[in-house]
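A.B. asks: The structure under discussion is supplied below as structure tokens; questions concerning it will follow.
The values are calculated or read from the model by the stated rules, or taken from the named source; none is laboratory data. This is a predicted model, so every value here is computed, not measured. Don't worry about glycine lacking a Cβ; one is built from the backbone with ideal geometry, like all the others, and counts go over all protein chains shown.
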Amino acid sequence: MSTPQPVRIGVVGAGLMGRELAGVCGRWTALVDHPVQPTIVAVADPVPVARDWFRRLASVETFADSWQPLLEDPSIDVLYLAVPHHLHESLYLDAIAAGKDFLAEKPFGIDLPAAERIAHAVAGSSCFVRVSSEFPFYPGALRAFAFAASGALGDILDVRSQFAHSSDLDRGKGINWKRRVETCGEIGVMGDLGLHVAHVPLRLGYRPETVYAMLDKVVTHRPGPDGAPVPCDTWDNALLACRVPSLDPADERLFSMLWETRRIAPGQMNSWSFEALGMDGGVRFSTRSPSVLQRFALRDGEQVWEEVQPGNASAWPTITGGIFEFGFTDALLQMWASYFAERTGALGSRFGTATVQEALDAHRVFAAALASQASGTAVAP
Ligand SMILES: NC(=O)c1ccc[n+]([C@@H]2O[C@H](COP(=O)([O-])OP(=O)(O)OC[C@H]3O[C@@H](n4cnc5c(N)ncnc54)[C@H](O)[C@@H]3O)[C@@H](O)[C@H]2O)c1
């Protein structure tokens, strides 16, 4: 084994996701022979209690109340940018202007025009930029992707990509930035969960030609900091019914694809799922049952759904035995392993983190969904 390349990371936004990266780096030794060794050396957050959480990491040298010192620090190789959506554009553009590589959080700008400006700046730079989307790194999801990509489905009939949780079922849950248009964006739940459902279909080449959207605002007010109700004006749930051109250029048929993102999905804790059915085969995977992948085939005239147990066979091998079950934090470790490997040119044929183009294409679909909701018609992205 060759010595891993050290990479010094600066974290901008020391909230939920910033702390998850600290957990990922702490577990990095679980990876076998990864070419990179990342270390968090700096953190920026205007909220002292948020950045002080990082004092438990002996490696952190810089605690800043703004992102500028991290952008100006030549010793920092990679930034993780995990701030509320209304700050994405200014932060990402500043990082590009400073020549920094980064993993951006989704949705990559508060709306489509912001995403276009960021993507334009990335294209004019040499910065290595990818966008966070970890669920496809479950072994079962990777197998589902590979099965669909292999052509085993034949002519595609239906695709369903879903992310559903119930964190907003409780009407008494307080307001936060993710529930306000000003800070989360007009696209609401699609900004929060949409790239998670778009990543695999877009990577498979399933590009919506039209979108018919059913968007729901269910809880219109939530308790503010003093308990008084304040407007909660984002979309809670979004169901996008898309028509998609066949992957076969000789076939003019369109197939159906549903993208579902729900913050209020009774009975769902935090489930990502992908299902694709074709004339020759089908595949289903949900993080709700992470140890099982289902495949459909016609065998000797019988219609057979079979269960495959992918085990802990991740793209980047770990010390964890293959029989053990995989989870959310494992998916984050694998996504970061993928990001750093691709940055050093060592990704090979493995599944890669979501690209800037995929984030942009997802935004185009979400913008079309808003137009569809307003007009009551199907809209082309
Ligand atoms: N990939 C995933 O599974 C996943 C999950 C949740 C959130 N996210 C994304 O991560 C990003 C952050 O979400 P979160 O859940 O961590 O939010 P959060 O509210 O927990 O954390 C955001 C942090 O950003 C800080 N911040 C605000 N202004 C800042 C500034 N000017 N400079 C530096 N820091 C600043 C806040 O103080 C806060 O600590 C969002 O884009 C969100 O969509 C991704």
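A.B. asks: Within the range 199-208, can one find any residue that is hydrophobic (A, V, I, L, M, F, W, C), within 12 Å of the ligand (Cβ to nearest atom), buried (at least 23 other Cβ atoms within 10 Å of the Cβ) and under 15 Å from the mean Cα position of the chain (by Cα)? So that I can check it myself, show each step before the final result.
C.D. replies: Looking only at the range 199-208, we keep the residues that are hydrophobic (A, V, I, L, M, F, W, C), and these are 200, 202, 204.
Going one step further and asking which of them are within 12 Å of the ligand (Cβ to nearest atom), we end up with none.
Looking for residues that are hydrophobic (A, V, I, L, M, F, W, C), within 12 Å of the ligand (Cβ to nearest atom), buried (at least 23 other Cβ atoms within 10 Å of the Cβ) and under 15 Å from the mean Cα position of the chain (by Cα), one finds none in the range 199-208, hence no.
A.B. asks: Which numbered condition trips up SER338, out of (1) farther than 24 Å from TYR80 by Cα; (2) of a type in the set (Gly, Ala, Ser); (3) in contact with a Leu (Cβ under 8 Å, 6 or more places away or on another chain)?
C.D. replies: (1)
A.B. asks: Another question about this same structure. Looking only at the range 181-198, how many residues end up being near the ligand (Cβ under 9 Å from one of its atoms) and over 11 Å from PRO84 (Cα atoms)?
C.D. replies: Qualifying residue count, the range 181-198: 3.
A.B. asks: Where in the range 45-134 are there helices (runs of 4 or more DSSP H), lying wholly inside it, with at least 1 residues that are in contact (Cβ under 8 Å) with a residue 60 or more places away in the chain and crowded, with 16+ Cβ neighbours inside 10 Å?
C.D. replies: 68-72, 88-97, 112-123
A.B. asks: Also, I was wondering about something else. Pick out, from the range 228-288, the strands (runs of 3 or more DSSP E) lying fully within it that include 1 or more residues that are at pLDDT 95 or above, crowded, with 20+ Cβ neighbours inside 10 Å and touching a Phe, Trp or Tyr at 6+ places or on another chain (Cβ under 6 Å). Walk me through it before giving the result.
C.D. replies: Numbers: elements: 229-231, 237-245, 254-262, 270-278, 281-286.
Result: 237-245, 254-262, 270-278, 281-286.
A.B. asks: Follow-up question, since we're still on this one. For ASP155, state whether it is away from the ligand (no atom under 16 Å from the Cβ) and in contact with a strand residue (DSSP E or B) (Cβ under 6 Å, 6 or more places away or on another chain).
C.D. replies: Numbers: away from the ligand (no atom under 16 Å from the Cβ): yes; in contact with a strand residue (DSSP E or B) (Cβ under 6 Å, 6 or more places away or on another chain): yes.
So ASP155 passes the test.
A.B. asks: Okay, next question. For the range 21-51, how many residues are within 8 Å of the ligand (Cβ to nearest atom) and of a type in the set (A, V, I, L, M)?
C.D. replies: 3
A.B. asks: Still on this model: For the range 103-132, which positions are away from the ligand (no atom under 16 Å from the Cβ) and at positive phi?
C.D. replies: Once the filter is applied, which keeps residues that are away from the ligand (no atom under 16 Å from the Cβ) and at positive phi, the range 103-132 yields nothing.
A.B. asks: Here are GLY10, GLY18: which of them is surrounded by 14 or more Cβ atoms within 10 Å (Cβ to Cβ), within 11 Å of the ligand (Cβ to nearest atom), part of a strand (DSSP E or B) and not hydrophobic (A, V, I, L, M, F, W, C)?
C.D. replies: Sole residue among the options that is surrounded by 14 or more Cβ atoms within 10 Å (Cβ to Cβ), within 11 Å of the ligand (Cβ to nearest atom), part of a strand (DSSP E or B) and not hydrophobic (A, V, I, L, M, F, W, C): GLY10.
A.B. asks: Being under 22 Å from the mean Cα position of the chain (by Cα) and farther than 28 Å from LEU254 by Cβ is the filter here, so list the residues in the range 269-313 that pass it.
C.D. replies: MET269, ASN270, THR287, ARG288, SER289, PRO290, SER291, VAL292, PRO310, ASN312, ALA313
A.B. asks: Could I ask something else about it? Of the residues SER167, SER90, SER126, SER150, which is out of contact with any strand residue (DSSP E or B) (no Cβ under 6 Å at 6 or more places or on another chain) and modelled with pLDDT under 95?
C.D. replies: Going through SER167, SER90, SER126, SER150 in turn, just one is out of contact with any strand residue (DSSP E or B) (no Cβ under 6 Å at 6 or more places or on another chain) and modelled with pLDDT under 95: SER167.
A.B. asks: Here is a further query. So for the range 350-359 (the condition being in contact (Cβ under 8 Å) with a residue 60 or more places away in the chain and loosely packed, with under 14 Cβ neighbours inside 10 Å), does at least one residue qualify?
C.D. replies: Yes: one or more hits.
A.B. asks: Next question, about the same structure. Count, please, the residues in the range 159-218 that happen to be more than 13 Å from PHE366 (Cα to Cα) and among the aliphatic types (A, V, I, L, M).
C.D. replies: So the answer is 9.
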